[in-house]
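Please read the structure below before turning to the comments.
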2 protein chains.
Amino acid sequence: MKTVKIIKIGGNIINNEKVLHNFLYNFSQLEGPKVLIHGGGKSASDLAKKMNTPVNMINGRRITDAQTLDIITMVYAGKINKKIIAKLQANNTNSMGFTGADGNTIKATKRSSSPIDYGFAGDIIKVNTQIPILLINNQVTPVFCAITHDKNGQLLNTNADTIAAEIAIALSTKYITELYYCFEEPGVLTDINNKNSVIENINSTKYTKLKDQGVIFKGMLPKLDNCFHALNNKVTKVSVGNSDMLFKENTTHTSIKI
Amino acid sequence: MKTVKIIKIGGNIINNEKVLHNFLYNFSQLEGPKVLIHGGGKSASDLAKKMNTPVNMINGRRITDAQTLDIITMVYAGKINKKIIAKLQANNTNSMGFTGADGNTIKATKRSSSPIDYGFAGDIIKVNTQIPILLINNQVTPVFCAITHDKNGQLLNTNADTIAAEIAIALSTKYITELYYCFEEPGVLTDINNKNSVIENINSTKYTKLKDQGVIFKGMLPKLDNCFHALNNKVTKVSVGNSDMLFKENTTHTSIKI
């Protein structure tokens, strides 16, 4: 079986033109098939501000009303996704942009409006890899943004980390899969103020302990839950760190094991 | 050879939610492979207004500065293209959204800045049908918006009529192609104030005569030039009219012949 790298990038790469440019250059040099997943960074909030649309958050999560969904669709699927595709083509990396509606790849259901109404937020039901596999086997790199659909005509805002995990899982029936979460830190830290405190290996026993001790908390919890979910569903390798882990040997990062 | 319908829709369909919904329903019922091309209608100007970005036009053509290109990319490739894809999926028409950067399908060159600087406006150099053909042969409908790229990382705003003609021409090496320009009129009119004045057949001799007489003028000229360009380059059939010509037999429209 071929190995496919599934790589998720966050705001620290997307928000900075030069960092994105360099990342995409290095990404293009990576050998073998790969899939890129990106969120929207702060561009969606920037556009909302320009359009005088209020940004509503509960517990750090965006409330996606109809106008916010339009903004997200414009920024994620339009501005950011197409900028990435154009830059990859300049690097001779043939690529295709996706939302979960394209190729009917990611079907989701609108999250229940109780207890909190997050609006047009989608929870993934099914990933359909027919078109991504067709493209991968024709040397084309799929590039997904964090939007899904309900197959009834409704687009839905969906967490990019979760999309990355579910795509990796779905591709694991056909390929050996490696999932990389690239973010602003060099890995999972024991001390969020100390970049030298990377935990290089985490397994489920250690994860439970670190959670109980309150060492890992907040935003790291859903990210690590996605990591273990992937590993428990046939993804071969899961790593968390900054993007150097993809391009430079021996870069400190966090390896997740079951 | 299979027959592929290449269908371009304009603002009269895109600007009206209900009309778009009905068009996409009927489009989904059309048998056989098809490709859809859309422009942006007035949404881009609406967003520019909301963002206080001036809309600059010369001779009815938009001047695409960097901010306008961002707006166009967000509206065409994001909002409109993804709305269309989600609706087609709801109709069980599997489809994929494209700019010309996706799959490296449409390479263009930035138009010379003299005598008029149109900004990031692109003139098509080459259509690469590898990915569209791969999708068509897997029962997936490509949906193109009016954006191309220069293969050096730059997206470019490109006329949707021209994109439709060039895609039809490029697909003519593999398929029998039929090109349909759907717009707000029932066809090419001899009197723009009289919808009953449709010219049902135009060949190149008649076209020259109608131009000389000033019967056909302004915006119809580039559209008809695209029609003849397509017919002169192996497109089998070219029609101009409202979208009823696709769905209802014996609908009055204009057939273009060489």
Take the residues of segment B:120-135 that are in contact (Cβ under 8 Å) with a residue 40 or more places away in the chain and within 12 Å of chain A (Cβ to nearest Cβ): which is farthest from B:MET96 (Cα to Cα)?
B:PHE120
In segment A:52-75, the residues that are buried (at least 17 other Cβ atoms within 10 Å of the Cβ) and either within 18 Å of the chain's Cα centre (by Cα) or not charged (D, E, K, R) (or both):
A:THR53, A:ARG62, A:ILE63, A:THR64, A:THR68, A:LEU69, A:ILE71, A:ILE72, A:THR73, A:MET74, A:VAL75
Filtering helices (runs of 4 or more DSSP H) wholly in segment A:192-258 for at least 3 residues that are more than 20 Å from A:VAL35 (Cα to Cα) gives A:204-212, A:220-231
Mind counting the residues in segment B:28-44 that are modelled with pLDDT of 90 or more, surrounded by fewer than 17 Cβ atoms within 10 Å (Cβ to Cβ) and not aliphatic (A, V, I, L, M)?
3
Which residue out of A:SER204, A:SER114, A:SER197, A:SER172 is in contact with a Leu (Cβ under 7 Å, 6 or more places away or on another chain), small (Gly, Ala, Ser), surrounded by fewer than 22 Cβ atoms within 10 Å (Cβ to Cβ) and at negative phi?
A:SER197
How many of the residues making up segment A:15-51 are of a type in the set (A, V, I, L, M) and under 18 Å from A:GLN89 (Cβ atoms)?
5
For A:THR105, state whether it is out of contact with any Leu (no Cβ under 9 Å at 6 or more places or on another chain), under 16 Å from A:THR148 (Cβ atoms), touching a residue at least 24 places away in the same chain (Cβ under 8 Å) and not aliphatic (A, V, I, L, M).
yes
What do you reckon, is B:ASP150 surrounded by 15 or more Cβ atoms within 10 Å (Cβ to Cβ) and among the acidic types (Asp, Glu)?
yes
If you take the residues of segment B:138-150 that are in contact with a Leu (Cβ under 9 Å, 6 or more places away or on another chain) and in a strand (DSSP E or B), which of them is farthest from B:ASP123 (Cα to Cα)?
B:THR141
Of all residues being out of contact with any Lys or Arg (no Cβ under 6 Å at 6 or more places or on another chain) and part of a loop (DSSP other than H, G, I, E, B) in segment A:151-166, which is farthest from the other protein chains (Cβ to nearest Cβ)? Just the residue, please.
A:ASN159
Filter pass, B:ILE202 being out of contact with any strand residue (DSSP E or B) (no Cβ under 7 Å at 6 or more places or on another chain), touching a residue at least 24 places away in the same chain (Cβ under 8 Å) and among the β-branched types (Val, Ile, Thr):
no
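Using the structure shown, decide if A:THR141 is within 11 Å of chain B (Cβ to nearest Cβ) and either within 16 Å of A:LYS34 (Cβ to Cβ) or in contact with an Asp or Glu (Cβ under 8 Å, 6 or more places away or on another chain) (or both).
Considered against the rule, which asks whether it is within 11 Å of chain B (Cβ to nearest Cβ) and either within 16 Å of A:LYS34 (Cβ to Cβ) or in contact with an Asp or Glu (Cβ under 8 Å, 6 or more places away or on another chain) (or both), A:THR141 comes out as yes.
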What residue, among those in segment A:219-243 that are without any contact (Cβ under 8 Å) to a residue 60 or more places away in the chain and exposed (fewer than 14 other Cβ atoms within 10 Å of the Cβ), is farthest from A:ILE169 (Cα to Cα)?
A:LEU221
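The values are calculated or read from the model by the stated rules, or taken from the named source; none is laboratory data. In this text, all values refer to a predicted model and were calculated from it rather than measured experimentally. No Cβ is skipped: glycine too gets one built from the backbone with ideal geometry, and neighbour counts run over all protein chains shown.
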